[in-house]
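Scroll down for the structure; my scribbles are underneath it.
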Amino acid sequence: MARQVDPDVLNLTLIDLPGLTKVPIGDQPADIEQQIRQMIMTYILKDSCLILAVSPANSDLANSDALKLSKDADPDGIRTIGVITKLDLMDDGTDARDVLENKLLPLRRGYVGVVNRSQKDIEGKKDIKAAMAAERKFFLGHPAYRHVADRMGTPYLQRVLNQQLTNHIRETLPGLRDKLQKQLLAMEKEVEQYKHFRPDDPAIKTKAMLQMIQQLQNDFERAIEGSGSAAINTNELSGGARINRLFHERFPYEIVRMEFDEKELRREIAFAIRNIHGIRVGLFTPDMAFDAIVKTQISRLKEPSLKCVDLVVQELTNVVRNCANKMSRYPRLQEETERIITQHIREREQLCKEHILLLNDCELAYMNTNHEDFIGFANAQQSSETSSKSGRKLGNQVIRKGYMSISNLGFMKGGSRDYWFVLTSESLSWYKDEDERDKKYMLMLDGLKLKDIEQGFMSRRHVFALYNPDQRNVYKDYKELQLGVETQDDMDSWKASFLRAGVYPEKVSDTSNGEESGSEMSTSMDPQLERQVETIRNLVDSYMKIVTKTTRDLVPKALMHLMINNSKEFIMGELLAHLYACGDQNAMMEESPEEARKREEMLRMYHACKEALRVIGDVSMATVSTPMPPPVKDDWLATGQESPRIGQTGPPSPGANMRRGPPPAVSRAPPPVPGGSRPAPAIPSRPTPAPPARQGGNAGGLPPPLIPS
């Protein structure tokens, strides 16, 4: 790339592109032509590129690679200017007048003829001014070009390019001004704080810290309480919405998983009754057995309650981290803020767990058998058949709809695609799509259980299964129906929905001696003991419903009071004091290197935009512009190579076969005489045998071409 700095040259970038190499030479690659073509197209396809299609006058113009490539890159001819060289090397009796007058092989912007220095002139040190004077003399002295001499030559080509540059500036300047003004307005607000910014000013650092903390407080409150602002997340649940789902979907599901198993419960009740009676034969149902069994079941509620605390702490930590990301301009402040808030949340976590354990201990301390929802001993025997099913009487109402896949079906049976599932209180149906027209199957939910399936190594889906505890087939020949969803959130929601439909998960219990003990009880249980077990079982079921309902209500309330609301109050009222107590505020408010570079880049762009607008404002728009020439018929580039000779009034030279495509209409009449007072040159009278007649005749009645002997 050569840079020419001179007051007499245009402010243009001239790129001299190579010609197409047809045959590789030496170590050139076999696809050298394709490589050169691709390189040329990368330049001439740009809208801001002005294409100079240079073609020599002593060759066939219809075969010009430059014109063909220009037509491909600029179909409308708006950016293409034809340049004809070597006009002084054409054979006697031939000229390129019709081409230069844009009558033959026309271009929208026409052609400009130039005469450059020959190799002899270059070796003879002929300077540019003398060459341009000789070029001017050639056009004025040539009978075919003197009438267009003012539109020929290198100086005229310079003026044409200068005019195109002026037109381009006139067209793009208003849009460029608008773009710069919009960019300046967009940066104005952000740059305002940087204009008088001094990194070492304590007042600026204190103000920045207060603004950051206030922003954190607002973001944390909006994340927990919810907000209708434009910055709301529309892709997934976050903040308070995720905590709400933990309270009402995940926590109830974990409680159900820890509930008692029917067979295990009856075995425990029987052992408790017999151990309480001891050696005596019991005539009445002992209430101490009820106390013992209920306390065991209440103690099992500790685990899901503490797990709920852990999940809420995790969500709160994520909220704090997301809110503190806006402090990335000051890394030390961000790190210290996250540390202080997280430490406070951990302290409240311990207090919250202690309080929840205290609630559980309170339930264990006193059995309120006078509760209004407790059935009592009198009604315990009458509700043996209805108590376990009372939660399932919801009617056949729709609980949930959504897409899931059936993971344990083969690929050929449709296991890889998603189906539209509809869950009601009595059945699970799936359809081809959400229109619910093509029903694939309806599965009744009676007697089914739910269990988790371990995620495969290459599987991206979360899978759970429906199965029958009696080992009967659930769907066709399958013992279980494995359902897959995209995310863990979807799986938790579906599990909670199945819970509402009465499909409970498999129990987490120790059954190491279940079969042996069960067989022992089945052989040794007498009718009286069986009635006592049934009574205690109904009493435990009734009382555990009361305790479970209370736990599901109090645990979220305790978490809200002791952790979430307390953390919000801590951030609002005490966070700033803890930050000031940490030590040196100047060190805490040190900018990150990335932020310093961003500020410098922003200021540089701001001043550059202002300077550019000032320069554009000083540009005079009072310039002469030339209108766009009208379109011309240039389909000759896409037609065959048979074309009449251009400007030929005598015998052609071997290199002057400039052709264009076939004429629009075949005519035997002579062409019209070109305008001007130029006399036709004399035809040399060299005797030669007549060549074979050309197909289609000799246009214009000219004698057949002479072939040198």
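What follows draws every value from the coordinates through simple rules; no lab data is involved. Because the structure is predicted, anything quoted here is derived from the model rather than measured. In this analysis, Cβ positions are derived from the backbone assuming ideal geometry, glycine residues included, and neighbour counts consider all displayed protein chains.
Can you give the extra length, in nm with one decimal, that the chain gains between GLN585 and MET602 once fully stretched, where that is 0.36 nm per residue apart less the Cα-Cα distance? Working shown, then result.
Working: separation 17, 0.36 × 17 = 6.12 nm, distance 2.61 nm.
Result: 3.5 nm gained on full extension.
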Practice task
May I ask you to derive the FRET efficiency for ASP127 and ARG614 from their Cβ-Cβ distance with R0 = 60 Å, giving the value to the nearest 0.05?
Solution key: 0.90
Problem - Charged-residue dipole, Cβ positions (Lys, Arg, Asp, Glu), the range 395-500 about Cα centre, Debye nearest 20 - result: 240 debye
Exercise for the section: Run a plain Debye calculation on the range 5-80 (Cα atoms as equal point scatterers, no solvent) and give log10 I(q)/I(0) at q = 0.23 Å⁻¹, rounded to two decimals, same order as the q list. Expected result: -1.13
Practice task
For the range 395-500, state what percent of all Cα-Cα pairs lands in each successive 5 Å bin, counting from 0 Å until the bin that includes the largest distance.
Solution key: 2, 12, 23, 27, 22, 11, 2, 0, 0
Practice task
State the Cα centre-to-centre distance between the range 107-144 and the range 318-341 in whole Å.
Solution key: 73 Å
Completion exercise
On the formula 1/(1 + (r/R0)^6), with r taken between the Cβ atoms of GLU372 and ALA577 and R0 of 45 Å, the FRET efficiency rounded to 0.05 is 0.40
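Which loop-located GluC sites (Glu not before Pro) does the range 313-378 contain, where loop means any DSSP state but H, G, I, E or B and the Cβ has at most 15 other Cβ atoms within 10 Å? The partial results should precede the final answer.
Numbers: sites: GLU315, GLU335, GLU336, GLU338, GLU347, GLU349, GLU354, GLU363, GLU372; in loops: GLU372.
Answer in residue order: GLU372.
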Handout entry: Where GluC sites (Glu not before Pro) fall in DSSP loop in the range 447-488, at most 10 other Cβ within 10 Å
Key = GLU454
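Relative contact order for the range 395-500: what percent, with Cα pairs under 8 Å and sequence separation of 6 or more? Write out the running numbers ahead of the final one.
Working: 193 pairs, mean separation 24.0, N = 106.
RCO, the range 395-500: 23 percent.
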Problem - Linear extension gain, THR296 paired with SER48, 0.36 nm per residue minus alpha-carbon span - result: 81.0 nm
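For the peptides 129-139, 38-48, 238-248, 490-500, what is the packing order when you average, over each peptide's residues, the other Cβ atoms within 10 Å and list the highest mean first? The partial results should precede the final answer.
Numbers: 129-139: 15.5, 38-48: 12.7, 238-248: 17.7, 490-500: 19.4.
Listed from highest to lowest mean packing, they are 490-500, 238-248, 129-139, 38-48.
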Handout entry: Label-point separation in nm, ARG437 to GLN158, each point 7 Å along Cα→Cβ
Key = 7.6 nm
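By count of other Cβ within 10 Å, fewest leading, how are LYS295, LYS633 ordered?
Values: LYS295 13, LYS633 7.
So the ranking, lowest neighbour count to highest, is LYS633, LYS295.
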Exercise for the section: Count neighbours as other Cβ atoms within 10 Å of each site's Cβ, and list the trypsin sites (Lys or Arg not before Pro) in the range 457-487 that are DSSP loop with at most 10 such neighbours. Expected result: ARG460, ARG472, LYS476
Practice task
Mind sorting LEU357, LEU466 by how few other Cβ atoms lie within 10 Å of their own Cβ, fewest first?
Solution key: LEU357, LEU466
Problem - Cβ-based exposure ranking for LYS549, LYS22, in which fewest neighbours within 10 Å come first - result: LYS22, LYS549
Practice task
With a cut-off of 16 Å, note down the residues of the range 307-336 whose backbone N falls inside the zone around a label point 7 Å from the Cα of GLN343 toward its beta carbon.
Solution key: 332-336
Practice task
Obtain the nm distance between the two label points defined at ALA203 and SER227 by a simple spin-label model: each point lies 7 Å from its Cα along the Cα-to-C-beta direction.
Solution key: 3.0 nm
Exercise for the section: Please report, to two decimal places, log10 I(q)/I(0) for the range 108-183 at q = 0.21 Å⁻¹ as given by the Debye formula with identical point scatterers on the Cα atoms and no solvent. Expected result: -0.95
